[in-house]
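The values are calculated or read from the model by the stated rules, or taken from the named source; none is laboratory data. What you see is a predicted model, and the numbers here were worked out from it, not measured in a lab. Heads up, the Cβs are rebuilt from the backbone with ideal geometry, glycines too, and the neighbour counts pull from every protein chain shown.
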Amino acid sequence: MKKKQQQSPFVYSTNPELMKTFDDIEECETLEPSAQKLKVKLDTKQRAGKVVTLIDGFVGKKEDAEILGKLLKTKCGTGGSVKDNQILLQGDYKTKVIALLQQLQYKVS
């Protein structure tokens, strides 16, 4: 039997321009809560039928999105994550999240 060769995703190069990091990308400034329009919706796609509350539309630095995500996770008593300025909360917390965001002066739809 022949053994299959596994191809490595790594490529060796001496060109320093080839390996640019994501740190070079500038992040935009975080807008004030009253200037942001967030969308809150429930999502079940690619999650084996489990419901996730998705907060989309955050404009700002990744650190600020993570702070808001941590606050929402703490207030709802659930887990979640922040990816690409989208905040994911495990479970159906749509009404509670909308009320919390409105208390924080965010525009919610």
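Considering only residues that are surrounded by 11 or more Cβ atoms within 10 Å (Cβ to Cβ) and either aromatic (Phe, Trp, Tyr) or modelled with pLDDT under 85 (or both), which ones fall in segment 1-43?
Scanning segment 1-43 gives a single hit, GLU27.
Hey, can you tell me all the residues within segment 51-109 that are within 21 Å of THR30 (Cα to Cα), among the β-branched types (Val, Ile, Thr), crowded, with 19+ Cβ neighbours inside 10 Å and under 14 Å from the mean Cα position of the chain (by Cα)?
ILE55, VAL82, ILE87
With respect to the numbered conditions (1) over 18 Å from the mean Cα position of the chain (by Cα); (2) at pLDDT below 90, which one is the sole condition not fulfilled by GLN46?
(1)
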